[in-house]
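> Could you have a look at this structure, given as structure tokens, before my questions?
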Amino acid sequence: MNYDDFTEELMKQNANEILAIYASLLKSPVLGTRKCQEQCFQEETRLIEDEVMRLIKRFSERHALQYPRWAFEPKLRGSMEEGTKCGPPDEFDFLLIMNDLSENCQVNSIDNCKAYTAIWDNIDIGDVLKLPPNEMIDALHNVLLLRYSFASDGNPQPPNLDVWLVLTMKEYLMTHATWEGSRMRFVSCDRTNVGLCLNLIFNGHLYKMLHISIDLVPCIRLKMPGPVKVSIDWPFPVDFSQCQLYGLFRTGCDGFDISSTEYEEVLLKSLPTAAIDAYVLGKAFSSAQFKWSGNFGKIFQSSYKMKKALLMSVQLHQNAHAISLHEWIRGMISVAADRNKYAKKSDCLRCIFHAENNSKYQSSMYQCLRCLTTVIFIF
């Protein structure tokens, strides 16, 4: 069906009937959102989330024991963190924040949404010489890895952390204690361009043979040469003071992919409930339960593109606080169908936040939304 025909059919109904259709979709355990689903499904979702969090926390503890220099803090991101998950809790996204490594990296240039860093080590050789022989060898080995694994054509390049993560993860998954008392079972563990994807199966009271994918993305906190100042033209109150930029390790590439996930989350959570529900329904329309004809078949694909379209659609509404759910959906689809019509020349087609190229210690970041002014200046 063509989306225009779909909305035309909806508009033939009265307002209450349209809202009832959307409400039924939002309550669905297959297409809906957690907050609208029946209590029993909410409880099972909470059970799955607790098991996943426990699994990843134990993995991080084990990894820290084996590779203390590369220890990480797991942080849930994506739709499960945002509260925008569509359907069952079958997708989890974690940033594996390597705090110790972050302290040894400082951004010195940005190019094409990539951050390049200066790497140094602050090891005290006197302290190393006081260590027992086996610990001394490990410490020196880590220093050599840090110092020499980052060089590639003069630019810092992260080591093959995904290889280490795979090895540590597989050892962890093969341990009987990992699955003792768990309703989850292991399926596979695959490398991705930016980390790992862990595939599991969950069997509960309601969800049977639920396939769960967990993306594990190692990263560092990007240390800018100075404080971050934010200026934004946005119709809703926002606070970016606690936001952090992250650098992702991409296999075979120099530098770090810049992730502004925390800034995006602040924008998303500032929106009215109707806008968030529209985003969830947009993702529902992308599911296999809907088949669209024409160009709309290409629109309902990437949830990230739908998120960007939703944020860009704010400019279409004079009073965004009073917009109905149906109008939020129409606005989001209008932008997604023709982004070039609403985008600025400086907009990045890939990112919501875009870092301008800069080879100096001074850089600036701009929001890729037409209704926004300069968002971030890094002095």
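> Show the residues, 5+ positions off or on another chain, whose built amide H is closer than 5 Å to the amide H of Arg77.
Amide H neighbours of Arg77, under 5 Å, 5+ apart: Asp93, Phe94, Leu95.
> While we're looking at this one, here's another question. In whole Hz and in residue order, list the ³J(HN,Hα) couplings for the stretch 38-53 that follow from phi through the Karplus curve 6.51 cos²θ - 1.76 cosθ + 1.60, θ = phi - 60°; x for Gly and Pro.
4, 4, 4, 6, 4, 5, 5, 4, 4, 5, 5, 4, 4, 5, 5, 4
> Return the long-range amide H neighbours of Tyr67 (sequence gap of 5 or more, or a different chain), with a cut-off of under 5 Å between placed amide H atoms.
For Tyr67, whose amide H was placed from the backbone, there are no distant partners under 5 Å.
> Residues with amide H under 5 Å of Ser324's amide H, sequence separation 5 or more or different chain, H placed in the peptide plane at 1.01 Å from N; which?
none
> Okay, moving on. Determine, for Thr84, Thr168, Thr192, the number of other Cβ atoms within 10 Å of each Cβ, and report the residues in order from fewest to most.
Values: Thr84 23, Thr168 20, Thr192 13.
Taking fewest neighbouring Cβ atoms as first place, the list is Thr192, Thr168, Thr84.
> Another question, then. Would you kindly derive the ³J(HN,Hα) couplings of the stretch 63-68 from the backbone phi angles with the Karplus curve 6.51 cos²θ - 1.76 cosθ + 1.60 (θ = phi - 60°), listing them in order in whole Hz, with x for Gly and Pro?
5, 5, 5, 7, 10, x
> Quick one: Karplus J couplings for the stretch 269-275, per residue in order, coefficients 6.51, -1.76, 1.60, θ = phi - 60°, nearest Hz, x for Gly and Pro?
In residue order, the calculated couplings are 6, 7, 6, x, 4, 4, 5 Hz.
Since every read-out is calculated from the coordinates, none of them should be taken as a lab result. Predicted, not measured: the structure shown is a model, and the values here were computed from it. Cβ: placed from backbone, ideal geometry, glycine included. Neighbour counts: every protein chain shown.
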